[in-house]
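Working notes for the structure below.
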Amino acid sequence: MVNQKNILLGVSGGIAVYKACALASKLTQKGANVKVMMTESATKFVSPLTFQALSRNPVYIDTFDEKNPKKIAHIDVADWADIAIIAPATANIIGKLANGIADDMLSTTLLATEADVYIAPAMNVHMYAHPAVMQNMQQLEAWGYHFIEPGSGYLACGYVGKGRLEEPESIIQAVENHQNREQLLAGKKVLISAGPTREKVDPVRFFTNRSSGKMGYALAEVAAELGAEVTLVSGPVSEQVNHPRIKRIDVLTAEEMYEAMHANYANQDIVIKAAAVADYRPKLVHDQKVKKQDGNLQIEMERTKDILKSLGEMKTNQFLVGFAAETNNPMDYGKKKLLQKHLDAIVINDVSAEGAGFEGDTNMVTYLNEAMQQDEVSLASKREVATRILEFIDRDMKDE
Ligand code: CTP
């Protein structure tokens, strides 16, 4: 996977710089084109000449040391790179990147690149545990940077008691695994709806539900990371997305969601309806604020359109997936919805279970496909659950 790839190896100053020599060498041996960029402090540990010999390319250190008058080196390297690996990444370079500071060649280039960036931290264990460092890493991870740490998977999420640079072979393995993963949904178009809808009573009041949109947003983010082009139709939520392959369309009401889903339905490969759509809306919407009066108030409600059912009825090639939020008999109701709405699969969510359902960051679900094959996803982060769901969908699409 790294063969023929243009890899920028950013080396910042720590004792682990010696391991970056092995990394540069192994990447080159695997057929990658490697350009090394060192911070000033990294040059105190290992001479640039070592990296030049191992990468067979000039080493970049000083932003103003422009060797070719036709090019601006930091922009040129930033554009050239398919992948950037920062190893070792000190607390300093992590802090700069998380705060947009560009005061040397490496930090400037990292701000300018659109390459996938992998960060392999190395620092003292207490520095690693410092809230400033943790916050910077979390910020970078939220922006889509990938961390590679000893003892964790290809994407690290926990930052407990670590600080040693991961071994060069494992760094390459982690990058390769992640690059492979990006291929899973490459070229696929995915439409996802997320969040609640809001049905107005008057200018100051509305009916809604507890959906936070987190599950739908996790699906959108992971699908984009797996290479898909994602359209996310979102009800009103506080969640944010920031991925170049996600196009977000904001809606408020069930009717607006219906319009947006139908307008974007054709040509999709996968459609996932994770939104919690209102089944009823006030029949009469008042232009003025309703004033209180003696006695009870009755509001007559009328049915909204069942968006998913309508999508199921006009399905062509889309793989259509619904969600079922249930508090009792989840499997029975889930199966019924799968059949009634002409779905290819349904994600059944027992929202009464501890750690599952609305608002939280975790979920546990059952994925049920058309062949009535059942896959359980036990309690995990919504991102992890989203990954599993997308893997099941990919498997079932290949089986079709
Ligand atoms: N759904 C929809 N339009 C609606 C209601 C629901 O598209 N008006 C979709 C949801 O996005 C979800 C699936 O249908 O993917 C199931 O939603 P859920 O609220 O669990 O069930 P309902 O179909 O509303 O059925 P019930 O109220 O009987 O549970």
In the stretch 314-333, what residues are within 12 Å of the ligand (Cβ to nearest atom) and either open to solvent by 60 Å² or more (accessible area, probe 1.4 Å) or more than 19 Å from ILE192 (Cα to Cα) (or both)?
GLU326, THR327, ASN328, ASN329, PRO330, ASP332, TYR333
In the stretch 44-86, how many are charged (D, E, K, R) and in a helix (DSSP H, G or I)?
3
Specify the residue that is farthest from ASN6 (Cα to Cα); the eligible residues are those in the stretch 91-112 that are open to solvent by 20 Å² or more (accessible area, probe 1.4 Å) and in contact (Cβ under 8 Å) with a residue 60 or more places away in the chain.
ASN92
All but one of (1) modelled with pLDDT of 95 or more; (2) surrounded by fewer than 21 Cβ atoms within 10 Å (Cβ to Cβ); (3) within 30 Å of ILE246 (Cβ to Cβ) hold for TRP143, so report the exception by its number.
(1)
Out of curiosity, is LEU379 open to solvent by 80 Å² or more (accessible area, probe 1.4 Å) and at pLDDT below 95?
yes
Kindly check whether there is at least one residue in the stretch 257-275 that is within 14 Å of GLY195 (Cα to Cα), open to solvent by 40 Å² or more (accessible area, probe 1.4 Å), near the ligand (Cβ under 8 Å from one of its atoms) and not basic (Lys, Arg).
yes
Those residues of the stretch 14-58 which are open to solvent by 20 Å² or more (accessible area, probe 1.4 Å), in contact (Cβ under 8 Å) with a residue 12 or more places away in the chain and small (Gly, Ala, Ser), in sequence order:
ALA22, SER25, GLY31, SER41
Considering only the stretch 357-364, I want to know if a residue exists there that is more than 23 Å from the chain's Cα centre (by Cα) and either under 19 Å from GLY216 (Cβ atoms) or within 11 Å of the ligand (Cβ to nearest atom) (or both).
no
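The values are calculated or read from the model by the stated rules, or taken from the named source; none is laboratory data. Predicted, not measured: the structure shown is a model, and the values here were computed from it. Here Cβ is always computed from backbone atoms with ideal geometry, including for glycine, and neighbour counts include all displayed protein chains. We work out accessible area using only protein heavy atoms, side chains counted, and drop any ligands, DNA or RNA first. Shrake-Rupley method; radii C 1.70, N 1.55, O 1.52, S 1.80 Å.
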